[in-house]
Amino acid sequence: MSATLQAVAPNSLSSEIPELALLGGLGLCSFAALLLELSLTRLFSVVLFYHFAFLAISIALLGLGAGGVFAYLLKQRLAQFPTRTLAARLCIVNSVAVLPVLEIVLHVPVTLTVTGKNFFHLSILYAAAAVPFFVTGLLFAIVFARETWRVSRLYGADLTGGAVACLAVVPLLNWIGGPNTILMAAVTMAAAGMLWSSSRSERNLARVLAIIFVALIAANHSNRLIDVVYAKGKIRDPAWVEFSRWNALSRVEVDRQRQAKAIVIDADANTYIMNCDVAHWHDTEWERDLMSAPPALANVLRPRGEYAIIGPGGGVDVLRAVANGSPSVTGIEINPIIADTIMRGRYADYSLHLYQRPEVHIQVTDGRSYLRSTPQQFDVVQMTLVDTWASTAAGAFALSENNLYTVEAFREYFQHLKPDGMIAITRWEFRQPREALRVVAVAMEALHSLGIANPARNFIVASQGALNEDGIPVVVLAKKNAFTAEEELAVRRHFGEYEQLRALYLPSTPGSNPFADLIASNDAGGFAQSYAYNVAPVRDNAPFFFFTLKPGQILGAQALRNGIDWKVNLGVLVLLLVLAISVIAVLAFLILPLALQGSRQSPAPLLYFVAVGLGYILVEIAFIQRFVLFLGHPTYALTVVIFLLMLASGAGSLWSRRWLGHVQLTWAPLVLVIVALTANVFFLPHALAAWVGLRFEYRLLISGLLLAPLGFVMGMPFPTGLRALVAGSAQRSAADSSGSNNAVEWAWAMNAAASVLGSVLAIVIAIQFGLTATLVCGVTAYLLALVLAPTLHRGCG
């Protein structure tokens, strides 16, 4: 270590606390911060709408960056406190702050409306949730600034703690639930306070806090003390709830609704539990209700066929298939709480053991992953209104269902059909069609890819009543070969028996409506260009099926509140609102405080850290989205991608000090990152598509082989840049032993600001241009960092 770098290591902890304890405390703080961020994301999806789940990432990044800024502004005042004392007290304060944050999130009603009152509620929630991250950012900035000479090891401990949190969040959400996982972050922060405490009183206080929070978690094991109060702006009535449980995918409850029981997912999406004796099905109200629904057309045409039902929920499609004579029904349910805990456990008697019948085979996994891995072929592949609106920490629009509605997905469905099989996809539809119409567009494109030049006779589309503004179910039946006259006649007879069913498209009588126009055009992309909504086929590169607004309609999305899809379409407006709020918050809490302080920092070197932060977050989110399909669910993608990138980045940070000890080599890791990312732009989509059918264990291994080397080199630019910046500043002001000119806090703030904005921009870019474009933007950011790297050696001053 050069004398120059050692000269800017003020108030070193080395004399106060062993390095192992220093790194352990930093790792625990990082673990607590990321655990809080990820669990808040899961909680936001329940109490707010799923669009706001992404807000947790922005809040966390902003709070961390703002803490770094205020560490810089208050440097002189904070200098009077020993680092160990300051760190311990900040950990204790942070631990105490978690419980009020949790209560505010659970009790503040926020709706999807643009009103002053709602903006006020959202602002309270935003500000409160940012407090723990602000304290963490303050703590990290102090430690990093005072220990710059060993920044690589500190950065490695930071990333390692975050990586372990990624591994822990899924089992914790599964075992103790969302609110308790947030409390576990408080326990961890108190443990860090114990590790850093220099006095018995501080250590005892931290220990008491940890014991209190552990006891509170134990008392709240059934969510009786702390649970959802307001959800989607409305107060929840616990009298209706018979059962509730959290896991990493969603919060699931069973509600009493009149004489029925409904499974409610994230306080929004419902699926009713079937309570019908299959042996006495005929001439009952169950038969009349279920056979009068559009999805029943598949059962009319293939009454004894073998079914693959993606997202069976409470068993509506399963019951209909079994009651009509299907000898084999494979239900592919992604949520184990629904499949196992409810349908095959607590409510097995109520459902008359529907999921335990010999002809019913339940697979708890993702629909596409299962179909890719099975050689079985089916008479019908069916999906009925699969849209839980449940988000994960992967961010807004990272719904598991999105990858079920792409051209590549439909091609796979067709390939798993028997020669005369069909797909039966039911979506909501409106007076101005857009959802079921997009299903037709996607299916048409998939059929074209299978060599079917003109699929005009390969579709049947039917609705339950007349199309209206509120939305009604519409089924799209599609085959690889033409529907026969006999099949069309069977459909007409069923229409005669159930008058509420209406034909929107039949091969012999197409009619005059958008469905007929789209199919007659035989050009889904061309039709979509002139149509009122965006109904163009979606692909795995941009799997945003549910977003049907065109760019000119986004700002008017608030007026589109009648249809069921308004929540999705308004989501893009929410993303733009979050982007605007993020820009304002970055200016208010990161940029202006430093600018008004009168610092003489040159902007050019700091833009390096903006580019590195932007590049890292763009790449991270692009990879999360890419791996959703490969690993089967956003939660798995989030956990695996962030864990591997952070752990490998931590190792890269530690190794960079040994390999890149000379500050003039800052450009070297950037070149490696750019080369690796450029290769992934061309290689990754094809590789993941080729390997997605492998067993899950092999997919995990492949994920590690792909992500670990990339994360390793991505962990080097930030610490090497900091060392170069410090060395450059020290050369300009060798006499400044306080380190006030080393701009570590500035670099921290700029990196955080770029991450805040980049986390939203990544999704916006993906929606408009695709995931490949998002990755290309990440490469461009690292190219900019490479151009700016030489300015680091000239310092800031």
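At-a-glance table
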quantity: Sparse-neighbour loop sites [trypsin sites (Lys or Arg not before Pro); region 69-166; at most 15 other C-beta within 10 Å; DSSP]; calculated: none
quantity: Average accessible area per residue (Å²) across region 417-554 - probe 1.4 Å, nucleic acids and ligands excluded; calculated: 37 Å²
quantity: Å² per residue, accessible surface of region 227-372 at 1.4 Å; calculated: 38 Å²
quantity: Apportionment of accessible area to carbon and sulfur, region 102-232, percent (1.4 Å); calculated: 72 percent
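The values are calculated or read from the model by the stated rules, or taken from the named source; none is laboratory data. Treat the numbers as computed from the prediction; the structure is a model and nothing was measured. As a convention, Cβ positions derive from the backbone with ideal geometry for all residues, glycine included, and neighbour counts pool all protein chains shown. Areas reflect the complete protein model, heavy atoms only, side chains present, ligands, DNA and RNA absent. Shrake-Rupley method; radii C 1.70, N 1.55, O 1.52, S 1.80 Å.
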